[in-house]
Amino acid sequence: MRVSLCTITFRHHLTSLDEIAAWAEANDFQGIELWGAHARNLAPRSDRNADWLDGYGLAVPMISDYLPLDGEVETLRHKAVELCRLARRWRTRKVRTFAGSVGSLAASAEERQRVVARLKEICVITASYGIHLLAETHPKTLADTAASTMQLIEEVDHPYFAINFDTLHVWEGGDDPVAVHRTMKPHIRHYHLKNIVARSDLSVFEPANVYAAAGSRRGMTPLFEGIVDYDRILAEISGDPQAEASLEWFGNDCLETLGRDRRRVRQSIESRERPLRTAQI
């Protein structure tokens, strides 16, 4: 399994991509997931691209953005093309968005049909670039529960449509991430890994809070210290050499937390592989 960090972690920091890349290389990360805003802001820097990142032994697994599904169609098309061009620059075949801005229970039939139609249209654009469009499992979208996400996959019905499996948000939706993963796996192209102290703390991930420099970080916790059992999750996904996951950390002490979580992820994986190697000997 290839593990990346996310530049969104550094949204309120004066940390350059050069510094992030050097640190990621030194701490056993294989990639850097670019936040869409960061990818766009780097556009004028022609010397910052996939070839440059190769020098650190790193790749961009995915660009994570927020396409305006509720806006004008022409604006949506323009943004989708722009995002695909950025993805090409960084040699990634995955771009992420949200499946609308209304939860599955709150959305009317007409609202759901409109979001599905827009996702289909974006898939036509991304497919022309050889890029997959990933909808993230996320509250207040049409991918807020396992049932609605599977329905969405059937409705969009496009070979370039896939899922970014945010493990915590799958759990937040009331589903068992391991059970959902076994059903949804053929459609999953990426994983987001983060945790929380308790269900009562989930509001800390509300966009208005998490993107605010002065927002609360109470309840955010390292990956193996929260309510979701990541040893169990990693037992499901880490055996797939094609699996790509990002440690999505929004809290304080960025480098310390990411470094520790990366080491713990490696230890969790190796602790299961070691008995198999011994048995083969």
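The values are calculated or read from the model by the stated rules, or taken from the named source; none is laboratory data. Note that the coordinates shown come from a computational prediction; the quantities given were computed from them, not determined experimentally. In this analysis, Cβ positions are derived from the backbone assuming ideal geometry, glycine residues included, and neighbour counts consider all displayed protein chains. Accessible surface areas use protein heavy atoms only, side chains included; no ligands, DNA or RNA. Shrake-Rupley method; radii C 1.70, N 1.55, O 1.52, S 1.80 Å.
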Self-check item: Heavy atoms of residue 111 accessible to a 1.4 Å probe, total area in Å² rounded to 10
Solution: 60 Å²
Quiz item: Once you sort the root eigenvalues of the Cα gyration tensor of segment 129-281 as a ≥ b ≥ c, which label holds: rounded (a/c under 1.5), prolate (a/b larger than b/c) or oblate (the other case)?
Solution: oblate
Quiz item: What is the distance in Å between the Cα centres of segment 163-189 and segment 40-87?
Solution: 25 Å
Practice problem: Give the carbon-plus-sulfur fraction of the accessible surface of segment 58-187 in %, rounded to a whole number; probe 1.4 Å, heavy atoms of protein chains only. | Solution: 53 percent
Quiz item: trypsin sites (Lys or Arg not before Pro) within segment 186-281: which are DSSP loop residues with at most 15 other Cβ atoms inside 10 Å?
Solution: 217, 218
Quiz item: What lysines sit close enough to residue 79 to cross-link, taking a C-alpha to C-alpha distance under 18 Å and skipping anything fewer than 8 places away on the same chain?
Solution: 94, 120
Quiz item: Taking a ≥ b ≥ c as the square roots of the eigenvalues of the Cα gyration tensor of segment 27-93, is the shape rounded (a/c under 1.5), prolate (a/b larger than b/c) or oblate?
Solution: prolate
Exercise. Report the dimensions of the chain along its three principal axes from the alpha-carbon atoms, largest first, rounded to Å.
Key: 56, 44, 44
Quiz item: On average, how much accessible surface per residue is there in segment 47-106, in Å², for a 1.4 Å probe, leaving out ligands, DNA and RNA?
Solution: 47 Å²
Practice problem: Work out the FRET efficiency for residue 263 and residue 40 from their Cβ-Cβ distance, taking R0 = 35 Å, and round it to the nearest 0.05. | Solution: 0.60
Practice problem: Can you bin segment 1-133 into rounded, prolate or oblate? Criterion: square roots of the alpha carbon gyration tensor eigenvalues sorted a ≥ b ≥ c, rounded for a/c under 1.5, prolate for a/b above b/c, oblate for the rest. | Solution: prolate
Practice problem: Would you rank 38, 190 by solvent-accessible area, highest first, keeping every protein chain in place and using a 1.4 Å probe? | Solution: 38, 190
Exercise. Would you rank 12, 132 by solvent-accessible area, highest first, keeping every protein chain in place and using a 1.4 Å probe?
Key: 12, 132
Exercise. Mind giving me the nanometre distance, one decimal, between the label points for residue 114 and residue 49, set 7 Å out from Cα along Cα→Cβ?
Key: 3.9 nm
Quiz item: Under a 1.4 Å probe, what is the accessible area of segment 142-234 per residue, stated in Å²?
Solution: 41 Å²
Practice problem: Could you give the size of the charge dipole of the chain about its Cα centre, using +1 on the Cβ of each K and R and -1 on the Cβ of each D and E, expressed in debye and rounded to the nearest 20? | Solution: 460 debye
Quiz item: Quick one: if the Förster radius is 25 Å, what FRET efficiency do residue 157 and residue 106 give, using the C-beta to C-beta distance and rounding to 0.05?
Solution: 0.60
Quiz prompt | Helix-only CD estimate at 222 nm, as mean residue ellipticity for the chain, using -39500 (n - 2.57) per DSSP H run (n ≥ 4) | solution = -13000 deg cm²/dmol
